[in-house]
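Peer 1: The structure under discussion is supplied below as C-alpha cells; questions concerning it will follow.
The values are calculated or read from the model by the stated rules, or taken from the named source; none is laboratory data. Given the structure is predicted, the values throughout are model-derived calculations rather than measurements. Neighbour counts are summed over all protein chains in view; Cβ atoms, including those assigned to glycine, are modelled from backbone coordinates with ideal geometry. Heavy atoms of the whole protein, side chains included, go into the accessibility calculation; ligands, DNA and RNA do not. Shrake-Rupley method; radii C 1.70, N 1.55, O 1.52, S 1.80 Å.
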Amino acid sequence: MLEHYASRLNGVELNGSFYRTPPATTLERWRDGTPPGFLFCMKANRGLTYSADSFDRVGLARLFTERISTMGDRLGPVLLQFPPVRQRNLELLEGLLQALGRPTACEFRHASWFDDSVYEVIKRHRGAMVVTDEEKWPQAPLVELGPFAYFRLRRGYDARSLEGWIEVVRSAAASHHDVHVYFKHDPPAPRLALRLRDALEASETGSGPRRRRPSAAKRAVPASSPGTPKGRSGRS
C-alpha cells in the first residue's frame, strides 16, 4: 500500500505518533520503502501539549525528536497540535520548539494564539502556522513565517469549494519553498489530493523555472500504517 501511495503522492501526515511513537524498525521500513523526496510529517506526541503543567513536556519533546530522527531525509515538519483549552503560552511554545529542534507546524485551537508575539516565536524557529479548515476550530491566518506552509483540509469538498483552496495553496506556493496540504482521512481524500496536485502542476507548466510541488497528502490514523507531502498533498 505504501509503495503504491508513494508512487502517486509525495508526502503523508501520520496521526498514530500522537498516541505512540512507532518503533524504530517500522520507521526504518517506511524510510527505506519510499522514494527520495517523499516526506512523512509526524504528529507530535499528545503529552507535549495535552498534559498537565507538572508533566515534563520539554523532556518528552527531546525524546520524541530523537526517536523520529531514524527517518532521516524522509522526515518532514513535525505537526504540533494544541488543544482548545490551551490558551497562549509563549514560554511553553518556545520550550517545545527549542527541544524539538526541527521544522514544526503549529496547530492552535484557541484564537488567543493568533498574535504577533506567537508569530515571532515560530518565525525564530523557522516553523509555520497550520491553517486548518474545520468547522469546530478557529481558522488561523496564513502568515509567512518560514520556508514552508502547512494546510489541513478537514471538510468534504466539491469542485467549487476545492477550487477556492487551490487558489490559496497556489498563492502560498509562490512565497514558500515547500507547501504541505493534507486532507481528512476519508475515502474521497486520495482523489482530492490528486486533483489538487494536478491543478497546481498544470498552472506551473511553461511558467519558467519549476518549483517543487505542494504536497497533498493523507494522514494515516494507525501508528502502524502510513498515509501523504512545493506542493505536497495527501490524506491525514
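Peer 1: Count the lysine pairs in the chain that are 8 or more places apart or on different chains: how many have C-alpha atoms under 17 angstrom apart?
Peer 2: 5
Peer 1: At 222 nm, what value in deg cm²/dmol follows for the chain if DSSP H runs of at least 4 each add -39500 (n - 2.57) and the sum is divided by all its residues, to the nearest 500?
Peer 2: Counting only the DSSP helices, I get -10500 deg cm²/dmol.
Peer 1: Answer with one residue from Met71, Thr104, Pro188: the one whose Cα lies farthest towards the positive end of the charge dipole of region 60-193, charges on Cβ with Lys, Arg +1 and Asp, Glu -1.
Peer 2: So the residue we want is Met71.
Peer 1: Then there is this: What's the carbon and sulfur percent of the chain's accessible surface, probe 1.4 angstrom, rounded to a whole number?
Peer 2: About 50 percent, which is the carbon plus sulfur part of the accessible surface.
Peer 1: Could I ask something else about it? Take the alpha carbon gyration tensor of the chain, find the square roots of its eigenvalues, order them as a ≥ b ≥ c, and report rounded if a/c is under 1.5; if not, report prolate when a/b exceeds b/c, else oblate.
Peer 2: oblate
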